[in-house]
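The structure appears right after this line, and notes come after that.
The values are calculated or read from the model by the stated rules, or taken from the named source; none is laboratory data. Small disclaimer: the values here were computed from a predicted structure and weren't measured. FYI the Cβ positions are ideal-geometry reconstructions off the backbone, even for glycines, and counts take in every protein chain you see. The area values use the complete protein model at the heavy-atom level, side chains included, leaving out ligands, DNA and RNA. Shrake-Rupley method; radii C 1.70, N 1.55, O 1.52, S 1.80 Å.
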Amino acid sequence: PAKKPAPSATKKKAAPAPKEEAAPQEEAAPAPASATEEPPAPEHPHEQLPAPTDKPAPVPMEDGAEATPAPVEGSSAPPAEPPAPAPEPKLEKPKEEPPSCPLSLAVEEVSENSFTLTWKTPEQTGRAGLDGYVVEICKDGSSDWKAVNQEPFLSTRYTISNLSSGDKILVRVTAVSASGASFPATLEQPVLLREILQLPKIRMPRHLRETYIRRVGDAVNIMIPFQGKPQPAVSWTKGGQPLDANRINIRNTARDTIFYIRQAQRRDSGKYELTVQINGAEDKATLDIQVVEPPGPPQNLKLVDVWGFNVALEWTPPADNGNSEIKGYRVQKSDKKSGKWFTVLERCTRPSCTISDLIIGNTYSFRVFSENICGLSDSAAIASGVAYIEKTKTTYQPEKIPQRDMMEPPKFTQPLTDRTTTRGYSTHLFCSVRGFPQPKIIWLKNQMEIREDPKYIALIDQGVCSLEIRKPGPFDGGVYTCKAVNPLGEASVDCRLDVK
(Lines give C-alpha, C1' and ligand atoms only; values in the text may rest on other atoms or scores of the structure.)
Protein backbone atom coordinates (compact mmCIF):
# COMPACT_ATOMS: atom_id res chain seq x y z
CA PRO A 1 0.00 0.00 0.00
CA ALA A 2 2.92 2.32 0.62
CA LYS A 3 4.17 1.92 -2.93
CA LYS A 4 0.91 2.86 -4.73
CA PRO A 5 1.01 6.64 -4.24
CA ALA A 6 4.39 6.80 -5.91
CA PRO A 7 3.18 6.79 -9.52
CA SER A 8 0.66 9.52 -8.89
CA ALA A 9 3.30 11.57 -7.23
CA THR A 10 5.56 10.96 -10.14
CA LYS A 11 2.86 12.00 -12.58
CA LYS A 12 2.19 15.19 -10.67
CA LYS A 13 5.82 16.13 -10.74
CA ALA A 14 6.24 15.22 -14.38
CA ALA A 15 3.18 17.03 -15.66
CA PRO A 16 4.90 20.34 -16.50
CA ALA A 17 7.59 18.62 -18.54
CA PRO A 18 5.80 18.60 -21.93
CA LYS A 19 5.42 22.37 -21.78
CA GLU A 20 9.14 22.85 -21.35
CA GLU A 21 9.88 20.38 -24.14
CA ALA A 22 7.48 21.97 -26.64
CA ALA A 23 9.84 24.82 -27.50
CA PRO A 24 12.78 22.71 -28.68
CA GLN A 25 10.39 20.58 -30.74
CA GLU A 26 9.08 23.68 -32.51
CA GLU A 27 12.60 24.85 -33.21
CA ALA A 28 13.61 21.47 -34.57
CA ALA A 29 10.43 21.04 -36.60
CA PRO A 30 11.75 22.62 -39.85
CA ALA A 31 14.82 20.33 -39.89
CA PRO A 32 14.42 17.11 -41.87
CA ALA A 33 14.42 13.85 -39.89
CA SER A 34 14.34 10.16 -40.66
CA ALA A 35 11.02 8.34 -40.11
CA THR A 36 12.73 5.34 -38.56
CA GLU A 37 14.73 7.44 -36.09
CA GLU A 38 11.99 9.71 -34.74
CA PRO A 39 8.23 9.16 -34.46
CA PRO A 40 5.89 11.83 -35.71
CA ALA A 41 4.90 14.49 -33.19
CA PRO A 42 1.43 14.16 -31.67
CA GLU A 43 -1.29 16.61 -32.53
CA HIS A 44 -1.58 17.79 -28.94
CA PRO A 45 1.49 18.41 -26.82
CA HIS A 46 -0.24 16.94 -23.74
CA GLU A 47 -0.27 13.48 -25.38
CA GLN A 48 3.56 13.30 -25.39
CA LEU A 49 5.51 11.16 -22.95
CA PRO A 50 5.37 12.67 -19.50
CA ALA A 51 9.05 12.29 -18.67
CA PRO A 52 11.57 14.38 -20.57
CA THR A 53 14.21 11.72 -19.93
CA ASP A 54 12.28 9.15 -22.00
CA LYS A 55 13.01 11.07 -25.20
CA PRO A 56 16.48 12.58 -25.53
CA ALA A 57 16.94 15.88 -27.31
CA PRO A 58 17.82 15.61 -30.99
CA VAL A 59 21.53 15.68 -31.75
CA PRO A 60 22.74 17.81 -34.71
CA MET A 61 24.36 15.80 -37.46
CA GLU A 62 27.02 16.81 -39.92
CA ASP A 63 24.64 16.79 -42.89
CA GLY A 64 22.10 19.00 -41.11
CA ALA A 65 19.62 16.18 -40.12
CA GLU A 66 18.72 15.50 -36.56
CA ALA A 67 18.87 11.98 -35.03
CA THR A 68 17.27 10.83 -31.80
CA PRO A 69 18.62 7.65 -30.17
CA ALA A 70 15.82 5.02 -29.81
CA PRO A 71 15.05 3.79 -26.31
CA VAL A 72 15.93 0.19 -25.45
CA GLU A 73 12.76 -1.88 -24.86
CA GLY A 74 12.52 -3.88 -21.64
CA SER A 75 15.52 -2.26 -20.12
CA SER A 76 15.22 -1.17 -16.54
CA ALA A 77 18.38 0.86 -16.66
CA PRO A 78 17.91 4.60 -16.36
CA PRO A 79 17.95 6.52 -19.61
CA ALA A 80 21.36 7.65 -20.86
CA GLU A 81 22.34 11.29 -20.44
CA PRO A 82 22.35 13.36 -23.65
CA PRO A 83 25.85 13.93 -25.08
CA ALA A 84 27.55 17.26 -24.29
CA PRO A 85 27.16 19.90 -27.02
CA ALA A 86 30.12 20.18 -29.38
CA PRO A 87 32.28 23.32 -28.89
CA GLU A 88 31.66 26.05 -31.44
CA PRO A 89 34.52 26.46 -33.96
CA LYS A 90 36.51 29.68 -33.58
CA LEU A 91 36.18 32.09 -36.53
CA GLU A 92 39.57 32.84 -38.02
CA LYS A 93 40.35 36.53 -38.84
CA PRO A 94 40.26 36.91 -42.63
CA LYS A 95 43.68 37.51 -44.06
CA GLU A 96 44.08 40.97 -45.66
CA GLU A 97 44.47 40.86 -49.40
CA PRO A 98 47.64 42.18 -51.08
CA PRO A 99 47.48 45.40 -53.12
CA SER A 100 46.29 45.43 -56.70
CA CYS A 101 48.51 45.79 -59.74
CA PRO A 102 50.15 49.21 -60.52
CA LEU A 103 48.43 51.11 -63.31
CA SER A 104 49.52 52.76 -66.59
CA LEU A 105 53.09 51.51 -66.70
CA ALA A 106 54.87 53.38 -69.50
CA VAL A 107 58.30 54.47 -70.75
CA GLU A 108 58.89 58.21 -70.38
CA GLU A 109 62.37 58.60 -71.86
CA VAL A 110 64.98 56.36 -73.50
CA SER A 111 68.67 57.05 -73.98
CA GLU A 112 71.68 55.00 -75.08
CA ASN A 113 72.36 53.49 -71.64
CA SER A 114 69.19 54.12 -69.61
CA PHE A 115 65.46 54.60 -69.70
CA THR A 116 62.85 56.08 -67.36
CA LEU A 117 59.56 54.45 -66.30
CA THR A 118 56.39 55.98 -64.91
CA TRP A 119 53.23 54.41 -63.51
CA LYS A 120 50.24 55.17 -61.31
CA THR A 121 49.25 54.04 -57.81
CA PRO A 122 47.15 50.81 -57.64
CA GLU A 123 43.42 51.11 -57.11
CA GLN A 124 43.60 49.03 -53.89
CA THR A 125 46.50 49.56 -51.50
CA GLY A 126 45.09 47.89 -48.35
CA ARG A 127 44.61 49.28 -44.88
CA ALA A 128 48.29 49.32 -43.99
CA GLY A 129 49.22 51.17 -47.18
CA LEU A 130 52.05 50.47 -49.59
CA ASP A 131 55.61 49.83 -48.53
CA GLY A 132 56.73 50.73 -52.04
CA TYR A 133 57.44 49.30 -55.46
CA VAL A 134 59.96 46.79 -56.80
CA VAL A 135 61.20 47.13 -60.39
CA GLU A 136 62.48 44.05 -62.19
CA ILE A 137 64.12 43.70 -65.59
CA CYS A 138 64.93 40.82 -67.87
CA LYS A 139 66.62 40.66 -71.25
CA ASP A 140 64.33 39.78 -74.11
CA GLY A 141 64.41 35.99 -74.69
CA SER A 142 65.49 35.21 -71.13
CA SER A 143 63.49 34.34 -68.02
CA ASP A 144 66.05 35.55 -65.51
CA TRP A 145 64.28 38.45 -63.78
CA LYS A 146 66.41 40.67 -61.55
CA ALA A 147 65.30 43.40 -59.17
CA VAL A 148 67.04 46.72 -59.86
CA ASN A 149 66.23 48.27 -56.44
CA GLN A 150 67.27 46.67 -53.17
CA GLU A 151 64.54 48.27 -51.07
CA PRO A 152 60.96 49.22 -52.07
CA PHE A 153 60.46 52.90 -52.86
CA LEU A 154 57.27 55.02 -53.00
CA SER A 155 57.99 57.14 -56.08
CA THR A 156 56.03 56.37 -59.26
CA ARG A 157 58.96 57.29 -61.48
CA TYR A 158 62.23 55.40 -61.77
CA THR A 159 65.28 55.60 -64.02
CA ILE A 160 67.18 52.40 -64.82
CA SER A 161 70.76 53.18 -65.82
CA ASN A 162 74.07 51.42 -66.56
CA LEU A 163 72.59 49.38 -69.41
CA SER A 164 74.13 48.38 -72.72
CA SER A 165 73.20 50.11 -75.94
CA GLY A 166 71.20 47.96 -78.33
CA ASP A 167 69.71 45.65 -75.67
CA LYS A 168 66.01 44.85 -75.49
CA ILE A 169 64.79 44.88 -71.90
CA LEU A 170 61.54 43.55 -70.45
CA VAL A 171 60.27 45.42 -67.39
CA ARG A 172 57.71 44.73 -64.69
CA VAL A 173 56.74 46.63 -61.52
CA THR A 174 55.24 45.08 -58.38
CA ALA A 175 53.48 46.88 -55.50
CA VAL A 176 54.54 45.62 -52.05
CA SER A 177 52.74 45.97 -48.69
CA ALA A 178 52.59 44.16 -45.34
CA SER A 179 49.96 41.80 -46.84
CA GLY A 180 52.19 40.70 -49.67
CA ALA A 181 53.06 41.61 -53.26
CA SER A 182 50.66 42.43 -56.07
CA PHE A 183 50.54 40.95 -59.51
CA PRO A 184 53.25 42.68 -61.54
CA ALA A 185 52.49 45.31 -64.16
CA THR A 186 54.50 44.35 -67.25
CA LEU A 187 55.33 46.32 -70.39
CA GLU A 188 53.83 44.69 -73.45
CA GLN A 189 56.90 45.35 -75.59
CA PRO A 190 60.58 45.28 -74.61
CA VAL A 191 62.46 48.57 -74.39
CA LEU A 192 65.15 49.03 -77.05
CA LEU A 193 68.11 51.00 -75.75
CA ARG A 194 69.35 53.29 -78.48
CA GLU A 195 70.44 56.90 -78.74
CA ILE A 196 67.62 59.22 -79.83
CA LEU A 197 69.07 62.32 -81.44
CA GLN A 198 67.31 65.68 -81.08
CA LEU A 199 68.64 68.83 -82.71
CA PRO A 200 69.50 71.69 -80.33
CA LYS A 201 66.80 74.34 -80.00
CA ILE A 202 66.73 77.43 -77.76
CA ARG A 203 63.25 78.37 -76.48
CA MET A 204 63.69 82.06 -75.80
CA PRO A 205 60.84 83.42 -73.59
CA ARG A 206 58.68 86.09 -75.21
CA HIS A 207 59.62 88.88 -72.77
CA LEU A 208 63.33 88.31 -73.53
CA ARG A 209 62.93 88.70 -77.28
CA GLU A 210 62.86 92.47 -76.75
CA THR A 211 65.31 94.63 -74.81
CA TYR A 212 65.42 93.52 -71.16
CA ILE A 213 65.57 96.73 -69.04
CA ARG A 214 66.72 96.86 -65.42
CA ARG A 215 67.71 99.70 -63.09
CA VAL A 216 71.20 100.15 -61.69
CA GLY A 217 71.58 98.02 -58.55
CA ASP A 218 68.78 95.58 -59.43
CA ALA A 219 69.45 91.85 -59.76
CA VAL A 220 69.32 90.19 -63.19
CA ASN A 221 68.05 86.60 -62.98
CA ILE A 222 67.13 85.02 -66.33
CA MET A 223 66.36 81.38 -67.15
CA ILE A 224 66.35 80.30 -70.80
CA PRO A 225 65.16 76.74 -71.60
CA PHE A 226 66.48 74.66 -74.49
CA GLN A 227 66.25 71.12 -75.84
CA GLY A 228 68.53 68.61 -77.53
CA LYS A 229 69.80 65.02 -77.23
CA PRO A 230 72.34 64.09 -76.17
CA GLN A 231 72.88 66.89 -73.67
CA PRO A 232 74.13 69.90 -75.64
CA ALA A 233 77.11 72.10 -74.82
CA VAL A 234 76.13 75.63 -73.70
CA SER A 235 78.28 78.74 -74.08
CA TRP A 236 77.80 82.49 -73.46
CA THR A 237 79.73 85.36 -75.04
CA LYS A 238 79.53 89.15 -75.20
CA GLY A 239 80.99 90.86 -78.24
CA GLY A 240 82.70 87.58 -79.14
CA GLN A 241 84.51 87.44 -75.77
CA PRO A 242 83.86 85.15 -72.78
CA LEU A 243 81.87 86.61 -69.90
CA ASP A 244 83.44 88.08 -66.75
CA ALA A 245 82.96 85.30 -64.20
CA ASN A 246 83.45 87.76 -61.32
CA ARG A 247 80.30 89.65 -62.26
CA ILE A 248 78.13 87.17 -64.16
CA ASN A 249 77.19 83.70 -62.92
CA ILE A 250 76.10 81.03 -65.42
CA ARG A 251 74.53 77.72 -64.32
CA ASN A 252 73.57 75.08 -66.88
CA THR A 253 71.32 72.03 -66.52
CA ALA A 254 70.18 69.42 -69.02
CA ARG A 255 67.18 71.56 -69.98
CA ASP A 256 67.99 75.23 -69.30
CA THR A 257 70.65 77.82 -68.60
CA ILE A 258 70.49 80.51 -65.90
CA PHE A 259 72.08 83.97 -66.34
CA TYR A 260 72.55 85.84 -63.02
CA ILE A 261 74.00 89.23 -62.00
CA ARG A 262 73.70 90.18 -58.33
CA GLN A 263 73.82 93.99 -58.77
CA ALA A 264 73.59 95.29 -62.30
CA GLN A 265 75.70 98.23 -63.45
CA ARG A 266 75.52 100.29 -66.61
CA ARG A 267 78.58 98.54 -68.01
CA ASP A 268 76.59 95.27 -67.94
CA SER A 269 74.41 96.60 -70.75
CA GLY A 270 74.87 95.05 -74.17
CA LYS A 271 74.06 92.05 -76.35
CA TYR A 272 74.87 88.57 -75.01
CA GLU A 273 75.08 85.60 -77.40
CA LEU A 274 73.87 82.15 -76.25
CA THR A 275 75.00 79.08 -78.23
CA VAL A 276 73.70 75.51 -77.77
CA GLN A 277 75.71 72.90 -79.73
CA ILE A 278 75.52 69.11 -80.33
CA ASN A 279 78.05 67.40 -82.66
CA GLY A 280 78.35 70.32 -85.05
CA ALA A 281 74.65 71.26 -84.95
CA GLU A 282 73.94 74.45 -83.04
CA ASP A 283 71.33 77.08 -82.26
CA LYS A 284 71.99 80.69 -81.26
CA ALA A 285 70.01 83.43 -79.50
CA THR A 286 70.77 87.00 -78.48
CA LEU A 287 69.89 88.55 -75.11
CA ASP A 288 69.82 92.38 -75.14
CA ILE A 289 70.17 93.86 -71.63
CA GLN A 290 69.89 97.58 -70.88
CA VAL A 291 70.74 98.84 -67.38
CA VAL A 292 69.41 102.37 -66.82
CA GLU A 293 69.29 105.07 -64.12
CA PRO A 294 67.73 108.57 -63.78
CA PRO A 295 69.20 111.19 -66.15
CA GLY A 296 71.14 114.30 -65.30
CA PRO A 297 69.52 117.80 -65.25
CA PRO A 298 69.16 119.91 -68.41
CA GLN A 299 71.93 122.36 -69.25
CA ASN A 300 72.10 126.08 -70.08
CA LEU A 301 68.59 127.03 -68.90
CA LYS A 302 67.96 130.73 -69.53
CA LEU A 303 65.22 133.35 -69.86
CA VAL A 304 64.95 134.40 -73.46
CA ASP A 305 62.21 137.06 -73.25
CA VAL A 306 59.60 138.56 -70.95
CA TRP A 307 56.62 140.46 -72.36
CA GLY A 308 53.23 141.23 -70.96
CA PHE A 309 52.11 138.18 -68.95
CA ASN A 310 54.45 135.78 -70.81
CA VAL A 311 57.97 134.34 -70.41
CA ALA A 312 60.06 132.36 -72.94
CA LEU A 313 62.60 129.70 -71.73
CA GLU A 314 65.30 127.69 -73.54
CA TRP A 315 67.73 124.93 -72.49
CA THR A 316 69.86 122.06 -73.86
CA PRO A 317 69.52 118.28 -73.22
CA PRO A 318 71.37 116.78 -70.22
CA ALA A 319 74.94 115.56 -70.57
CA ASP A 320 73.96 112.15 -69.12
CA ASN A 321 70.67 110.61 -70.25
CA GLY A 322 70.93 107.69 -67.78
CA ASN A 323 71.53 105.17 -70.59
CA SER A 324 67.95 105.72 -71.77
CA GLU A 325 66.15 108.05 -74.16
CA ILE A 326 64.91 111.36 -72.71
CA LYS A 327 61.09 111.25 -72.80
CA GLY A 328 60.51 114.91 -71.90
CA TYR A 329 61.04 117.77 -69.46
CA ARG A 330 59.07 119.08 -66.50
CA VAL A 331 58.95 122.91 -66.14
CA GLN A 332 58.11 124.57 -62.81
CA LYS A 333 57.68 128.16 -61.61
CA SER A 334 57.94 129.88 -58.22
CA ASP A 335 56.79 133.39 -57.29
CA LYS A 336 58.82 135.43 -54.85
CA LYS A 337 55.89 135.97 -52.46
CA SER A 338 55.09 132.31 -51.68
CA GLY A 339 58.42 130.65 -52.52
CA LYS A 340 56.62 127.42 -53.55
CA TRP A 341 57.22 125.55 -56.80
CA PHE A 342 54.32 124.71 -59.11
CA THR A 343 54.42 122.53 -62.24
CA VAL A 344 53.62 124.48 -65.39
CA LEU A 345 54.35 121.84 -68.07
CA GLU A 346 54.78 118.02 -67.93
CA ARG A 347 56.51 115.94 -70.58
CA CYS A 348 57.55 118.92 -72.64
CA THR A 349 59.24 117.23 -75.58
CA ARG A 350 61.10 120.29 -76.94
CA PRO A 351 64.04 122.07 -75.23
CA SER A 352 62.08 125.35 -75.09
CA CYS A 353 58.68 126.59 -73.94
CA THR A 354 56.51 129.67 -73.36
CA ILE A 355 54.80 130.25 -70.01
CA SER A 356 51.70 132.46 -69.99
CA ASP A 357 49.07 133.82 -67.59
CA LEU A 358 51.55 135.20 -65.08
CA ILE A 359 50.34 137.70 -62.48
CA ILE A 360 51.17 141.39 -62.84
CA GLY A 361 53.52 142.66 -60.18
CA ASN A 362 55.01 139.23 -59.24
CA THR A 363 58.61 138.13 -59.66
CA TYR A 364 59.10 134.54 -60.90
CA SER A 365 61.92 131.96 -60.91
CA PHE A 366 61.97 128.87 -63.15
CA ARG A 367 63.52 125.38 -63.09
CA VAL A 368 63.43 122.33 -65.42
CA PHE A 369 63.79 118.55 -64.75
CA SER A 370 64.67 115.96 -67.38
CA GLU A 371 62.83 112.60 -67.48
CA ASN A 372 63.55 109.12 -68.90
CA ILE A 373 62.17 105.62 -68.34
CA CYS A 374 63.40 105.65 -64.71
CA GLY A 375 61.71 108.96 -63.88
CA LEU A 376 62.82 112.52 -63.18
CA SER A 377 66.38 113.62 -62.74
CA ASP A 378 67.62 113.89 -59.17
CA SER A 379 68.24 117.65 -59.55
CA ALA A 380 66.90 120.44 -61.75
CA ALA A 381 68.38 123.21 -63.83
CA ILE A 382 67.46 126.64 -62.38
CA ALA A 383 67.36 129.74 -64.56
CA SER A 384 69.93 132.34 -63.48
CA GLY A 385 67.63 135.32 -63.95
CA VAL A 386 64.15 136.14 -62.70
CA ALA A 387 61.13 137.48 -64.54
CA TYR A 388 59.30 140.56 -63.19
CA ILE A 389 55.85 141.10 -64.65
CA GLU A 390 55.49 144.89 -64.83
CA LYS A 391 52.27 146.81 -64.78
CA THR A 392 51.31 148.24 -68.17
CA LYS A 393 51.33 152.07 -68.20
CA THR A 394 48.05 153.34 -69.69
CA THR A 395 46.26 156.72 -69.58
CA TYR A 396 42.55 156.69 -68.92
CA GLN A 397 40.53 158.99 -71.13
CA PRO A 398 36.90 159.18 -70.09
CA GLU A 399 34.33 159.14 -72.83
CA LYS A 400 32.72 162.47 -73.57
CA ILE A 401 28.99 162.20 -72.99
CA PRO A 402 26.76 165.06 -74.18
CA GLN A 403 24.80 166.80 -71.43
CA ARG A 404 21.11 166.00 -71.39
CA ASP A 405 18.25 167.73 -69.65
CA MET A 406 16.91 165.21 -67.13
CA MET A 407 14.19 167.48 -65.62
CA GLU A 408 10.73 165.94 -65.78
CA PRO A 409 7.40 166.74 -64.06
CA PRO A 410 5.71 163.97 -62.01
CA LYS A 411 3.90 161.28 -63.92
CA PHE A 412 2.17 158.20 -62.58
CA THR A 413 3.13 155.07 -64.48
CA GLN A 414 0.87 152.79 -62.41
CA PRO A 415 -2.43 154.17 -60.98
CA LEU A 416 -4.25 153.14 -57.83
CA THR A 417 -6.94 150.46 -58.11
CA ASP A 418 -10.20 150.14 -56.19
CA ARG A 419 -10.01 147.57 -53.36
CA THR A 420 -12.38 145.82 -50.98
CA THR A 421 -11.04 144.61 -47.65
CA THR A 422 -12.31 142.93 -44.52
CA ARG A 423 -12.66 144.67 -41.20
CA GLY A 424 -9.71 144.14 -38.91
CA TYR A 425 -7.32 142.97 -41.67
CA SER A 426 -4.57 145.39 -42.76
CA THR A 427 -4.49 146.35 -46.43
CA HIS A 428 -2.10 148.13 -48.83
CA LEU A 429 -2.56 150.61 -51.67
CA PHE A 430 0.10 150.76 -54.42
CA CYS A 431 1.01 153.06 -57.32
CA SER A 432 4.12 154.09 -59.29
CA VAL A 433 5.42 157.54 -60.20
CA ARG A 434 8.46 159.05 -61.93
CA GLY A 435 9.85 162.57 -62.23
CA PHE A 436 13.04 164.57 -61.73
CA PRO A 437 13.82 165.94 -59.28
CA GLN A 438 12.15 163.26 -57.18
CA PRO A 439 8.60 164.38 -56.43
CA LYS A 440 7.08 164.73 -52.98
CA ILE A 441 4.26 162.26 -52.23
CA ILE A 442 1.11 163.35 -50.39
CA TRP A 443 -1.74 160.93 -49.43
CA LEU A 444 -5.31 162.19 -48.98
CA LYS A 445 -8.54 160.58 -47.76
CA ASN A 446 -11.76 162.08 -49.00
CA GLN A 447 -9.67 165.13 -50.11
CA MET A 448 -8.24 165.50 -46.58
CA GLU A 449 -4.46 165.14 -46.21
CA ILE A 450 -3.32 162.23 -44.08
CA ARG A 451 -0.77 163.52 -41.64
CA GLU A 452 1.04 161.82 -38.77
CA ASP A 453 -1.52 159.17 -37.97
CA PRO A 454 -0.26 155.81 -36.59
CA LYS A 455 -3.07 154.03 -38.44
CA TYR A 456 -1.38 154.86 -41.78
CA ILE A 457 2.19 154.06 -42.93
CA ALA A 458 3.30 155.70 -46.20
CA LEU A 459 6.50 154.59 -48.04
CA ILE A 460 8.24 155.27 -51.37
CA ASP A 461 11.02 153.09 -52.85
CA GLN A 462 12.42 153.39 -56.38
CA GLY A 463 9.29 155.29 -57.50
CA VAL A 464 6.84 152.77 -55.95
CA CYS A 465 4.43 154.44 -53.49
CA SER A 466 2.57 152.38 -50.90
CA LEU A 467 0.09 153.20 -48.14
CA GLU A 468 -0.62 150.64 -45.38
CA ILE A 469 -3.96 150.95 -43.53
CA ARG A 470 -3.68 149.03 -40.29
CA LYS A 471 -6.77 147.08 -39.16
CA PRO A 472 -9.31 149.23 -40.98
CA GLY A 473 -12.86 149.76 -39.67
CA PRO A 474 -16.07 150.77 -41.42
CA PHE A 475 -15.13 154.46 -41.09
CA ASP A 476 -11.81 153.90 -42.95
CA GLY A 477 -13.58 153.36 -46.25
CA GLY A 478 -13.69 156.14 -48.83
CA VAL A 479 -11.69 157.70 -51.67
CA TYR A 480 -7.89 157.71 -51.29
CA THR A 481 -5.71 159.99 -53.40
CA CYS A 482 -1.95 159.94 -54.04
CA LYS A 483 -0.49 163.31 -55.16
CA ALA A 484 3.09 163.77 -56.50
CA VAL A 485 4.56 167.31 -56.56
CA ASN A 486 7.93 168.67 -57.80
CA PRO A 487 9.05 172.13 -59.09
CA LEU A 488 7.93 171.23 -62.61
CA GLY A 489 4.37 170.27 -61.74
CA GLU A 490 2.15 167.78 -59.98
CA ALA A 491 0.03 164.70 -60.70
CA SER A 492 -2.45 162.58 -58.74
CA VAL A 493 -4.36 159.28 -58.85
CA ASP A 494 -7.17 158.03 -56.63
CA CYS A 495 -9.16 154.88 -55.80
CA ARG A 496 -12.03 153.72 -53.64
CA LEU A 497 -11.66 151.45 -50.59
CA ASP A 498 -14.61 149.51 -49.19
CA VAL A 499 -14.44 147.91 -45.74
CA LYS A 500 -16.87 145.06 -45.02
Quick one: accessible surface of D131, probe radius 1.4 Å, all protein chains present, in square angstrom to the nearest 10. 80 Å²
Summing Lys, Arg as +1 and Asp, Glu as -1, what charge do residues with Cβ under 9 Å from the Cβ of N372 carry, N372 excluded? -2
Mind checking the dipole of region 254-314: about its Cα centre, +1 per Lys or Arg Cβ, -1 per Asp or Glu Cβ, Debye to the nearest 20? 180 debye
Suppose every Lys and Arg Cβ carries +1 and every Asp and Glu Cβ carries -1, with no other charges. What dipole size does region 408-499 come out with about its Cα centre, to the nearest 20 debye? 140 debye
By its C-alpha gyration tensor, with a ≥ b ≥ c as the square roots of the eigenvalues, how is region 103-193 shaped: rounded for a/c under 1.5, else prolate for a/b larger than b/c, else oblate? prolate
Give K411/K471; K120/K229; K229/K284; K201/K229 a once-over and call out the pairs whose C-alpha atoms are over 19 Å from each other. K411/K471; K120/K229
I want to check the label-to-label distance for D378 and R267. Put each point 7 Å from Cα in the C-beta direction and report it in nm to one decimal. 1.9 nm
The correct ranking of L187, L459 by accessible area at 1.4 Å, largest first, is L459, L187
What ranking of H428, H207 comes out by heavy-atom accessible area, probe 1.4 Å, highest first? H207, H428
Neighbourhood charge, 12 Å Cβ-Cβ cut-off, centred on T363 and excluding it, Lys, Arg +1 and Asp, Glu -1: +1
Extension length gain for A319 and R350 (0.36 nm per residue less Cα distance), in nm, is 9.6 nm
Output wanted: per-residue J couplings in Hz (rounded whole) for region 371-387, from phi through Karplus 6.51 cos²θ - 1.76 cosθ + 1.60, θ = phi - 60°, x for Gly and Pro. 9, 10, 5, 7, x, 7, 5, 5, 10, 10, 8, 10, 5, 5, x, 10, 10
Could you compute how much accessible surface C101 exposes when probed at 1.4 Å, giving the result in Å² to the nearest 10? 40 Å²
Given Cβ point charges of +1 (Lys, Arg) and -1 (Asp, Glu) and nothing else, what value in debye, to the nearest 20, does the dipole of region 311-460 about its Cα centre take? 680 debye
Under a point spin-label approximation (7 Å from Cα along Cα-to-Cβ), what is the I442-T275 distance to one decimal in nm? 12.6 nm
Kindly sort D335, D144 by accessible area of their heavy atoms, largest first, with the probe set to 1.4 Å. D144, D335
What does the charge count around R255 come to, taking other residues whose C-beta lies under 15 Å from its C-beta (Lys +1, Arg +1, Asp -1, Glu -1)? 0
Given a Förster radius of 41 Å and the C-beta distance between N246 and E282 as r, what FRET efficiency does 1/(1 + (r/R0)^6) yield to the nearest 0.05? 0.90
If the chain between T125 and L187 were fully extended at 0.36 nm per residue, the gain over the current Cα-Cα distance would be 20.2 nm
Would you mind checking which residues have amide H under 5 Å from R215's amide H? H placed 1.01 Å from N; only 5 or more apart, or other chain. V292
